[in-house]
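Visitor: If you scroll down you'll find the structure; I have some questions about it.
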Amino acid sequence: MLLFLVRCWMVASVATLWSQKFEFWPGAQYDPSIPTMRQVLGYDSGERISSHANLMRYMEALAAAAPSRMKIVEYGRSWEGRKLIYAVIGSEANLRRLAEVRSGMHQLADPRKTPAEVARKLVAGLPAVVWLGYGVHGNEISSPDAALRTAYHLLAARQDKMVQEILNHVLVFIDPVQNPDGRDRFVHNFEMAEGLEPDAHPLAAEHNEPWPGGRTNHYHFDMNRDWFALTQPETRGRVKALLEWYPVVFVDLHEMGSDSTYYFAPEADPFNPHLSKDLMESLEWIGKNNAKWFDQFGFSYFTREVYDNFYPGYGASWPCYYGGVAMTYEQASARGLRMRKSDGTEFHFRDTVRQHFVASLSTLETAARYREKLLEKFYRFRQSAVEEGLKEPVREYVFPRTGNVTAVDKLASVLAEQGVEVRRLLAPTRLKDRELPAGSYAISLAQPAKRLVRVLLDRQVPMEAEFLKEQERRRARKLPDEIYDVTGWSLPLLYNVEMLSSEAPITASSEMVKPGETPKGKVVGGPATVAYLAPWGTSGAARLLVALLRQGFKVWSTDKGFRQQGRQFPAGTLIVKVKENPANLSTAIRDLATDTGVEVVATDTGWVEEGVNFGSRYVLPLRSPSIALAWDVPTSATSAGHTRFVLERQYGIPVTAVRTRQLASADLSRFQVLILPDTGPSGENYRSMFGENGARRLKDWVAAGGTLVAVGGSIPFLADPKVGLLAVSQENRAKLGDGAKKKEPEARVAGQVFTKQEDFDKAIQADVELPDSLSGVLLKAKLDLEHWMCAGLSETVFAMVDGRAIFTPLKLDAGYNVAYFVGPEEILGSGYIWEENRKQLAYKPLVMVQREGRGHVIAFTADPNFRAFLDGMNLLFLNAVLRGPAHARPAP
């Protein structure tokens, strides 16, 4: 009874906030045949934070009430099985011609097949397709409820000229919640923390989420960074849907800090040089109309600050590369039902819902007004891309199918999924002095997706000189820079595959790569009587290994290469001995080779012409390791999630996520591998979680034969002399040279005379400080190919380096620096790096291995699983996880 009374009091308290009629659009009259949120869900818009189930329930109720004007399409499922949908809303006439509209947009999308005269007729008759995407970050709570309000208003508003113009001239696509798993995680945490009434205090538990928070999806991915990587099912489904309809306007609606106001485009600098300059005019149209309505309603806002579209993996940037106008809207967040700003003023969740609702309608109004111009610009964007491609000094990008061939295949497939025309060469082809094997890939720049091709594949995408000059000025004054995200993302470097260029079109026989399609593997020869050999060095070989081990087959791996029957097999090659395995080995390995894209060689002899035999001491048995992953504070949720995703979803390796508070006292003896991900922004560290006794137990576990894999922010804990698991130190900024010490302040010091500005500038510099923080650059590292950790890899890899941590290398008597950054002149692969960091990072370690008793510590100074798009680092990480236990020496 008491609980019932408390719940009634909470509902009544919230209801008093709405005791006076709140109008989202003053003066609007609504059709009573269209159900309100209260009628369907039991509360009004902005009164509660809607769960995914309630969002779906209300959208379905609207579609049922107006089936001739609204249609719901499911485009995917989240990792946790929640539906991803979009709703199409328009006039009855436009809803009846959906197939015609889709066909018309595809005709406009290929100007090589659609002449200008046909395009003009299409532009005259097609509605503008506008996609409104809500809630890509699960804890940015107002936009999904604004999606419901927008859909209701479009269907129910009566005698509204603006709505009629929108419905007649625009097909409105509403994606109400792009991240349902994160959304429900936030709602669950919020509802658990609610009290008697909504609490506006920023410190209230209802505003502050426990780890990992609701921003990310199930595997803790920020899906507003995943647009070109396409690692997550939510992103892949959305990209597929966008390429089905080609919306000419795409809006990604977000939230930001509670002390802010509202942001809409035009965006901040830097402007990506591969974007069309025409985009700025369209952004001005939309921004000015938003400003008109915000001024009318008295909403504060800002433009051209903070939020740029330089990185092509945002929702506010990726659609621009097919020819749409994409932008982000940012609303100050209530992170609950009421929030108090630092100036003492309070605002309500309903206010944030309303502002996103108004911005949504304003954008649709602009699209209706500029319908023809937006369609013309879309056609011209793709037409000019083809024209520019014909004039480029480089006409084709070419990926030889060599080295990590399954990574090459995956890259071709990922590009095809984004609408890039990728051709697979059907026969060996010569390019200059290179013989390209059959199966290599060619990408012409004379195609409508040319700008996407350039922005994703070019090694460098430059930022404006004036912008960089300003960042250097700010840095000199110790002001934060205005670089919003990573500045390097070149896909050939991320995948660590070779890309060539051709100044002439490739005319060899070829076929188009279909999205999601990759070549099948095979077994050469066989059935084998002695062994099956799978060369190490491809991501497919790693998947093959995991599948074999999980099915109970015995697999060996060699630390040194060998040559058999004229073929060279690299270090790491998998050896599956026939006599040591079940009778179904031949069938199983044939099926697995097909699925993983690996070429497996059947052999009837153990004799080799060069190198080690199958019974050598350098050939070690592998086992399916039991892996523990530190989970919860102080880990970075994204680092932990990305690591788990790479292991589980990309390679099929099960992981046991262990709460960090249990690690200090847990019995780890059943685990062969423990991974400590990078640390997060909480300010806590592993030292506080393990404590002295926990650190001692961890060291004992390693010494007994455990493989400890440490990433980024976990290294200082292991390097602490009291822990003693890694003999390195974190470096301060090198500007003062070695031995610089921080000076303690004194009451009186000797006087100084400054005769010039430089004297003053020098005097105000800190005595000792950390290096300046990097936003994210791709740096080149050299590998020690003699070490087992580098088996199967090429001489160099590229790592994503961000932050300010730089570590000293291991001394030879302590361990091995198996990967270290190259010299300062060649270290930068892609992005913008501060000059001091470029010099100081040169010849510093990327991966270190230190023996401790029967086990070892393997440390990555940069996260090898960053955003799960560093495919070129996968094998290095997997060597630690899969081959590391084989090189430990646990007691029998």
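Visitor: Taking amide hydrogens as modeled 1.01 Å from N in the peptide plane, which residues meet the under 5 Å criterion relative to Phe807, leaving out close sequence neighbours?
Guide: Glu731
Visitor: How high is the relative contact order of segment 520-653, in percent, with contacts defined as C-alpha pairs under 8 Å that are six or more residues apart?
Guide: The normalised contact order for segment 520-653 reaches 37 percent.
Visitor: With 29 Å as the limit, write out which pairs from Lys113/Lys161; Lys240/Lys780; Lys161/Lys450; Lys71/Lys161; Lys113/Lys391 have Cα-Cα distances beyond it, or answer none.
Guide: Over 29 Å apart, Cα to Cα: Lys113/Lys161; Lys240/Lys780; Lys161/Lys450.
Visitor: Suppose we keep just the DSSP beta bridges with both residues in the chain; what percent of those would be antiparallel, to 5?
Guide: So the antiparallel bridges in the chain amount to around 65 percent.
Visitor: Report, to the nearest 10°, how far helix 465-476 tilts away from the longest principal axis of the Cα atoms in the chain, using its own Cα long axis and a range of 0 to 90°.
Guide: 70
Visitor: Can you tell me the accessible area per residue over the chain, all protein chains present, probe 1.4 angstrom, in square angstrom?
Guide: Per-residue accessible area for the chain comes out at 41 Å².
Visitor: Still on this structure: Each residue of segment 758-768 in turn: what ³J(HN,Hα) in whole Hz from Karplus with 6.51, -1.76, 1.60 and θ = phi - 60°, glycine and Pro shown as x?
Guide: 4, 4, 5, 4, 5, 5, 8, 6, 5, 5, 9
Visitor: Taking Cα centroids, how far is segment 748-776 from segment 221-280 in Å?
Guide: 41
Visitor: Using a ≥ b ≥ c from the Cα gyration tensor of segment 684-796 (square roots of the eigenvalues), is it rounded, prolate or oblate, where a/c under 1.5 gives rounded and otherwise the larger of a/b and b/c decides, a/b for prolate?
Guide: Cα axes put segment 684-796 in the oblate bin.
Visitor: Would you tally the net charge around Ala119, using a Cβ to Cβ cut-off of less than 13 Å, leaving Ala119 out, and scoring K and R as +1, D and E as -1?
Guide: With Lys, Arg at +1 and Asp, Glu at -1, the net is +3.
Visitor: Project the alpha carbons of segment 387-512 onto their principal axes and report the range along each, largest first, in whole Å.
Guide: Taking the Cα atoms of segment 387-512, the three principal extents are 58, 33, 30 Å.
Visitor: Please compute the contact order of segment 451-565 in relative form: average sequence separation of alpha-carbon pairs under 8 Å and at least six residues apart, divided by the residue count, as a percent.
Guide: After rounding, I find 16 percent.
Visitor: Still on this structure: Treating only the Cβ atoms of Lys and Arg (+1) and Asp and Glu (-1) as charged, compute the dipole magnitude of segment 536-612 about its Cα centre; round to the nearest 20 debye.
Guide: Magnitude of the dipole: close to 160 debye.
Visitor: Separate question: When the accessible area of the chain is split by element with a 1.4 Å probe, what percent falls to carbon and sulfur?
Guide: 50
Visitor: With +1 on the Cβ of every Lys and Arg and -1 on the Cβ of every Asp and Glu, and nothing else charged, how large is the dipole of the chain about its Cα centre, in debye rounded to the nearest 20?
Guide: 1780
Visitor: Now for a different question. Let me have the 222 nm mean residue ellipticity of the chain computed from DSSP H runs of 4+ only, each contributing -39500 (n - 2.57), with the sum over all residues rounded to the nearest 500.
Guide: Helix contribution divided over all residues of the chain: -10000 deg cm²/dmol.
Visitor: Which of Lys21/Lys292; Lys288/Lys377; Lys699/Lys811 have a Cα-Cα distance over 22 Å?
Guide: Lys21/Lys292
Visitor: On a 0 to 90 degree scale, rounded to 10, what angle separates helix 180-193 from the longest Cα axis of the chain?
Guide: On a 0 to 90 degree scale, this one is about 80.
Visitor: If R₀ is 25 angstrom, what is the calculated FRET efficiency for the pair Ala814 and Arg623, using the beta carbon separation as r and rounding to 0.05?
Guide: Step by step, r from the Cβ atoms, then E = 0.35.
Visitor: Quick one: helix 2-17 against the long Cα principal axis of the chain, what's the angle to the nearest 10°, folded into 0 to 90?
Guide: Approximately 60 degrees, to the nearest ten.
Visitor: Still on this model: Once amide H atoms are built 1.01 Å from N in the peptide plane, which residues 5 or more positions from Gln564, or in another chain, come under 5 Å H to H?
Guide: Close amide H contacts, sequence-distant or interchain: Phe569, Glu609.
Visitor: Of the listed peptides 283-290, 272-279, what is their order by residue-averaged count of other C-beta atoms within 10 Å, with the highest listed first?
Guide: Taking the mean over residues of other Cβ atoms within 10 Å, the ranking is 283-290, 272-279.
Visitor: Shifting gears a bit: Tell me the net charge near Leu95. Cut-off is 15 Å between Cβ atoms, Leu95 excluded, with +1 for each Lys or Arg and -1 for each Asp or Glu.
Guide: Around Leu95, the surrounding residues sum to +3.
Visitor: Putting +1 on Lys and Arg Cβ atoms and -1 on Asp and Glu Cβ atoms, find which of Ala791, Tyr43, Phe347 reaches farthest to the positive end of the dipole of the chain.
Guide: Working it through, the farthest residue towards the positive pole turns out to be Ala791.
Visitor: Using Cα pairs closer than 8 Å and at least 6 residues apart in sequence, work out the relative contact order for the chain, in percent.
Guide: Relative contact order here is 10 percent.
Visitor: Still on this structure, please answer the following. Lysines within cross-link reach of Lys577: Cα-Cα under 22 Å, excluding same-chain residues under 8 positions apart?
Guide: By straight Cα distance, Lys577 reaches Lys522, Lys554, Lys560.
Visitor: Compute the distance from the alpha-carbon center of segment 101-131 to that of segment 777-815, in whole Å.
Guide: 50
Visitor: Testing the spin-label approximation: label points 7 Å from Cα along Cα→Cβ at Lys341 and Val530. State their distance in nm.
Guide: In this crude spin-label approximation the distance works out to 7.8 nm.
Visitor: Next up: Calculate the spin-label point distance for Glu464 paired with Arg102, positioning each point 7 Å from the Cα along the beta-carbon direction, and give it in nanometres.
Guide: Once both label points are built, they end up 4.0 nm from each other.
Visitor: Turning to a different aspect of this structure: Once phi is turned into θ = phi - 60°, what whole-Hz ³J(HN,Hα) does the Karplus curve with 6.51, -1.76 and 1.60 give for every residue of segment 650-655, x standing for Gly and Pro?
Guide: 8, 10, x, 9, x, 10
Visitor: Once you list every other residue whose beta carbon is under 9 Å from the beta carbon of Leu230, what net charge do they have if Lys and Arg are +1 and Asp and Glu are -1?
Guide: So the surrounding residues net to -1.
Visitor: Right, next: Using modelled backbone amide H atoms (1.01 Å from N, in-plane), which distant-in-sequence or interchain residues come within less than 5 Å of Ile675's amide H?
Guide: The answer is Ala628, Leu629, Ala630, Val709.
Visitor: A further question follows. For segment 665-681, just list the computed ³J(HN,Hα) in residue order, Karplus coefficients 6.51, -1.76 and 1.60, θ = phi - 60°, integers in Hz, with x standing in for Gly and Pro.
Guide: Ordered by residue, 3J(HN,Hα) equals 10, 6, 7, 8, 5, 7, 9, 8, 10, 10, 10, 9, x, 4, 8, x, x Hz.
Visitor: Distance from the Cα centre of segment 161-185 to that of segment 457-487, in angstrom?
Guide: Spelled out, the Cα-based centre of one part sits 35 Å from the other.
Visitor: Looking at segment 563-619, which GluC sites (Glu not before Pro) are DSSP coil and have at most 13 other C-beta atoms within 10 Å of their C-beta?
Guide: Glu609
The values are calculated or read from the model by the stated rules, or taken from the named source; none is laboratory data. Please read these numbers as outputs of a predicted model, since none were measured by experiment. No Cβ is skipped: glycine too gets one built from the backbone with ideal geometry, and neighbour counts run over all protein chains shown. Quick note on the areas: whole protein, heavy atoms, side chains included, nothing else; ligands and nucleic acids left out. Shrake-Rupley method; radii C 1.70, N 1.55, O 1.52, S 1.80 Å.
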